[in-house]
1. Of the residues that make up region 126-135, is at least one in a helix (DSSP H, G or I), over 21 Å from residue 217 (Cα atoms), open to solvent by less than 40 Å² (accessible area, probe 1.4 Å) and in contact (Cβ under 8 Å) with a residue 24 or more places away in the chain?
2. What do you reckon, is residue 226 in contact with a helix residue (DSSP H, G or I) (Cβ under 7 Å, 6 or more places away or on another chain) and under 29 Å from residue 272 (Cα atoms)?
3. How about region 141-182: which of its residues are out of contact with any Phe, Trp or Tyr (no Cβ under 8 Å at 6 or more places or on another chain), farther than 12 Å from residue 124 by Cβ and among the aliphatic types (A, V, I, L, M)?
4. Search region 264-312 for residues being aromatic (Phe, Trp, Tyr) and in contact (Cβ under 8 Å) with a residue 12 or more places away in the chain, and hand back the single one that is nearest to residue 323 (Cα to Cα).
5. From the list 152, 162, 147, 114, which residue is touching a Pro at 6+ places or on another chain (Cβ under 6 Å) and open to solvent by less than 70 Å² (accessible area, probe 1.4 Å)?
6. Return the residue satisfying two criteria in turn: it lies in region 165-187 and is under 26 Å from residue 201 (Cβ atoms) and outside any strand (DSSP E or B), and of such residues it is most open to solvent (accessible area, probe 1.4 Å).
7. Check region 237-246 and report whether any residue there is at pLDDT 70 or above, within 30 Å of residue 189 (Cα to Cα) and of a type outside the set (A, V, I, L, M).
8. Considering only region 22-64, state which residues are charged (D, E, K, R), assigned to a strand (DSSP E or B) and touching a residue at least 24 places away in the same chain (Cβ under 8 Å).
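The values are calculated or read from the model by the stated rules, or taken from the named source; none is laboratory data. What you see is a predicted model; the values in this text were computed from it and never measured. All Cβ positions, even for glycine, are placed from backbone atoms using ideal geometry, and neighbour counts span all protein chains on display. Ligands, DNA and RNA are stripped out before the accessible areas are found, and what is left, the full protein with its side chains, is counted by its heavy atoms. Shrake-Rupley method; radii C 1.70, N 1.55, O 1.52, S 1.80 Å.
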Amino acid sequence: MKTAILAIILFCIMIFPHELGHFIAARRVGVKVNEFAFGMGPAIWKKQGRETLYSIRLLPVGGFCAMEGEDGDSGDSADPRAFGNKKPWQKIVVLAAGSFMNIICAILIMSLIIGIMGFTTTVIGEVAADMPAQAAGMISGDKLLQIDDTQIVQWADVSKAIQASGGDAMEVTFERNNEVKTVSVVPQLKDGVDAQGNPVQGYALGVTCKISHNPFMAVVDGAQSTWNMVKMMFSALGQLFSGEAGVDELSGPVGMISMVSQTEEYGFWYYGFLTALICVNLAIINMLPLPALDGGRIIFVIYTMITGKTVSEKVEGTIHMVGMALLLALMVFVTMNDITRIFG
């Protein structure tokens, strides 16, 4: 039951903000929106606004934004507020707004996760007793600037520099009360365990980093984490198109539900990260220049802008219909792959 609820929330976060982005952009550029719905299937609640019908539908797995003349086959084609009669740049804004909203959602989710969990800084949080850092006079609150030739930009740089020393004396530069100090420290060899629980040895100074919950930095780190997801997604697409990865490695709704079920084992933060990652994936996939996707529709708009020629509604509609059929076929394929992977 918990998995089903989390899966529904995931699909809502994926699709509903996407459609909300289209809705907001459409209203801003003067496109008439006939209906804006939360959910899919039969309507269980409706309210007629001044010009838009707002509805809640039975299946809470997304929503839709029905714009006047969006597909060229509804409404009055002479209506200046019809989507088809808007300027090319206005169409592009409306079409791209859904993916933009998905990216914003991913940034917000990652910012919330980072803000609550906290993130590392280059400031010392605690200094262990009877360890090299204490012997050298370092204290909590010192901001590490440099170790030997390594500039300390993030806390991971500290560990790398210490291990690279090989146990030799290091010149550690830090800031305390706006004063820069440099001390010589000899790291100590310590026993520990790795992520798999295996015994390992490594050098240590005896310091831990200060964890920050600064909301501004959380947003900055949330945006950076989202950007890293974007780069990872493009890398995966590159592998897919180059043949380094096969379509049998793709996942569909069943695979996503399976991943959601794993959040019970890994924790709520894994669910949040998964949600942000899927939002990014949806945003990028939807902007690919393929028929039936927003990216494909944008290609037709750009073609009209460049050539001054308009593709007939019948031809464009047919292309999008074929594209949708191919996407549905791909969805069936990846769903079967998901079922095979999960159930053997």
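1. Within region 126-135, the subset in a helix (DSSP H, G or I) is 132-135.
Then drop every residue that is not over 21 Å from residue 217 (Cα atoms), which leaves 132-135.
Now narrow it down to the ones that are open to solvent by less than 40 Å² (accessible area, probe 1.4 Å): 132-133.
Imposing the further condition that a residue be in contact (Cβ under 8 Å) with a residue 24 or more places away in the chain reduces the set to 132-133.
Scanning region 126-135 turns up at least one residue that is in a helix (DSSP H, G or I), over 21 Å from residue 217 (Cα atoms), open to solvent by less than 40 Å² (accessible area, probe 1.4 Å) and in contact (Cβ under 8 Å) with a residue 24 or more places away in the chain.
2. Details: in contact with a helix residue (DSSP H, G or I) (Cβ under 7 Å, 6 or more places away or on another chain): yes; under 29 Å from residue 272 (Cα atoms): yes.
Considered against the rule, which asks whether it is in contact with a helix residue (DSSP H, G or I) (Cβ under 7 Å, 6 or more places away or on another chain) and under 29 Å from residue 272 (Cα atoms), residue 226 comes out as yes.
3. 147, 153, 156, 161, 164, 169, 170
4. The initial filter retains those residues of region 264-312 that are aromatic (Phe, Trp, Tyr), namely 266, 268-271, 273, 300, 303.
Narrowing further to those that are in contact (Cβ under 8 Å) with a residue 12 or more places away in the chain: 269, 271, 273, 300.
Values: 269: 36, 271: 32, 273: 31, 300: 14 Å.
The residue in question is 300.
5. Details: 152 fails: touching a Pro at 6+ places or on another chain (Cβ under 6 Å); 147 fails: touching a Pro at 6+ places or on another chain (Cβ under 6 Å); 114 fails: touching a Pro at 6+ places or on another chain (Cβ under 6 Å).
Just one listed residue meets the conditions, 162.
6. 168
7. no
8. Here is the first cut: in region 22-64, the ones charged (D, E, K, R) are 27-28, 32, 35, 46-47, 50-51, 57.
With the extra rule that they be assigned to a strand (DSSP E or B), the set shrinks to 35, 46-47, 57.
The one that is charged (D, E, K, R), assigned to a strand (DSSP E or B) and touching a residue at least 24 places away in the same chain (Cβ under 8 Å): 35.
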